[in-house]
Amino acid sequence: MHLPEHSLEFLLGYDGREHVLADGYFLRFEVKQVQKSERVPHGLSYSFTLHGPDSKRLLGFDNAHAVRARGNRFLARPVAADHWHRTHDDKGRPYRFESAEKLVADFFGEVERRLDELDVPFEVTEHH
């Protein structure tokens, strides 16, 4: 998989960001360029997470390890490690990385969904 230069720069620009939201919730972003491989075909190591006021991860998109599709223990783990965690105790479900822009849109869409469930406004109060 080849990421266009503008997409690579777009994602790398998120590295180290933290967005503080209402009521002490926050978003954390880590993105590093790594050697491309079967496990990481796009050449990026990433972790986009939503945390509660107690710092517990509530949801996240990352590629730290591969996960199996839910519901079928006989399916082999996918080679690519991209996956996401819908809740704090979700072990992960495969995520199909298509583009940098779609990853960001999917993450923010899930953040909005989760914050709606928690009745927390999706307002960034500060970022660094």
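The table for this structure:
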read-out	value
Estimated FRET transfer efficiency when R0 is 30 angstrom, pair ALA66-ARG113 (beta carbons, to 0.05)	0.80
Anchor LYS91: lysines whose Cα lies under 17 Å away (excluding residues fewer than 8 positions away in-chain)	LYS56
Acute angle (nearest 10 degrees) that the helix 100-118 long axis makes with the longest principal axis of the chain, alpha-carbon atoms	40
Apportionment of accessible area to carbon and sulfur, the chain, percent (1.4 Å)	49
Reachable aspartates and glutamates from LYS102, criterion Cα separation under 19 angstrom, eight or more residues apart if same chain	GLU5, GLU9, ASP15, GLU30, ASP62, ASP82, GLU110, GLU112
Cα gyration tensor shape for the chain, rounded if a/c is under 1.5, else prolate or oblate	oblate
Positive-end residue of HIS85, HIS19, PHE122, charge dipole of the chain with Cβ unit charges	HIS85
Gained length - LYS32 relative to GLU123, 0.36 nm times residue gap less alpha-carbon distance	30.1 nm
In nm, spacing of pseudo-spin labels at VAL20 and ASP90 (7 Å Cα→C-beta vector)	2.8
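The values are calculated or read from the model by the stated rules, or taken from the named source; none is laboratory data. Since the structure is predicted, the reported quantities are computational estimates derived from the model, not experimental observations. All Cβ positions, glycine included, derive from the backbone under ideal geometry; neighbour counts span all protein chains shown. Protein only, heavy atoms only, side chains kept; ligands, DNA and RNA dropped before computing areas. Shrake-Rupley method; radii C 1.70, N 1.55, O 1.52, S 1.80 Å.
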